[in-house]
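Novice: First the structure, then my questions, so here it is.
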Amino acid sequence: MTPPDHRPTTPPDRRHLLILGGTTEARALAAALATATAPDGRPGLRVTSSLAGRVARPRLPAGEVRIGGFGGADGLADWLRAEQVDTVVDATHPFAAVMSGNAAAAAAATGVPLLALRRPGWAAVPGDDWHRVPSLDAAAALLPALGRRVLLTSGRQGIAAFAHLDGLHFVARSVDPPEPPLPAALDVLLDRGPFTLDGERAVLREHRIDVVVTKDSGGAATAPKLTAARELGLPVVVVDRPPPPAGVPVAASVPEVLERLAEQGLVGR
Ligand code: NAP
């Protein structure tokens, strides 16, 4: 007869998920994981969100937060090993191409699974007068042919590409004040989304805007400017996204990420 097994059962380790953040979706994912059920017999996930530290007073996600760069792909790989990270979700902004490239390289070097969360880009609808360009520099080259008073919504770090355009008047919107080089004629609107359609109509009218510049960020929080521009018949210069790193699986929404994590046994269904 087999004697009863009295060995203590060691609880399974808490598994560690790193979210590379800085977006609405990254915060939504951290919030969803904070209340997600654990898979049967497993403790809940340890979730760490990482922010670059660009914004002076960031909106902090639920769970643990670390702030600041890792020191390139090698630094991130070291961090993944030291913190025993089991999986990474790259939920950075679609234009944060350096971080996404580093995440792909660090995942390849360590073997830690990586999933990218990328909200879909915007699509033009009838009535839109969009001019798609591949870069901020290309947007700057096109602008003088389209208007004189520009609403620039490409973020604080994107303003430098327009600094040489002396003939144009810029109204630049950013979360924190931009730093030189800056265009000579510049009004700064310190604000952060989400923005409303009424608010965007008011900005365009009050500043007598005749052309809008935006990155193809996608998402609802900053889309009302596109509707307001359409209503007023204004051209919009839309900067295309950089390509995502090759070979990294992509989810388009937080529920899709949760589904993939459930498939990996990291959260319950
Ligand atoms: P980036 O050019 O792709 O990254 C530059 C460096 O910043 C990276 O190499 C990394 O430094 C550090 N970094 C970026 N994201 C990080 C994160 N989540 N955690 C820790 N370090 C990070 O990035 P970016 O375009 O400047 O964007 C910075 C942050 O702002 C991102 O988190 C992004 O999600 C958010 N954001 C960006 C935009 C945009 O239009 N680019 C818009 C909204 C929000 P190390 O090499 O030292 O690790």
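The values are calculated or read from the model by the stated rules, or taken from the named source; none is laboratory data. The model shown is predicted, which means the values in this text are computed figures rather than measured ones. So basically every Cβ, Gly included, is an ideal-geometry build from the backbone, and we count neighbours across all protein chains shown.
Novice: Which pairs turn up if I take residues in segment 54-71 that are touching a residue at least 60 places away in the same chain (Cβ under 8 Å) and look for partners that are within 9 Å of the ligand (Cβ to nearest atom) and in a loop (DSSP other than H, G, I, E, B) with beta carbon separation below 6 Å, at least 6 apart in sequence or on another chain?
Specialist: Cβ pairs passing all conditions: V55/V175.
Novice: Mind checking which residues of segment 251-269 are touching a helix residue (DSSP H, G or I) at 6+ places or on another chain (Cβ under 9 Å) and either at pLDDT 95 or above or over 23 Å from A36 (Cβ atoms) (or both)?
Specialist: Across segment 251-269, the qualifying residues are A251, S253, V254, P255, V257, L258, L261.
Condition check ((1) of a type in the set (K, R); (2) surrounded by fewer than 17 Cβ atoms within 10 Å (Cβ to Cβ)) across all residues:
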| site | (1), (2) |
| --- | --- |
| D176 | no, yes |
| A185 | no, yes |
| D191 | no, yes |
| V213 | no, no |
| K225 | yes, no |
| A229 | no, no |
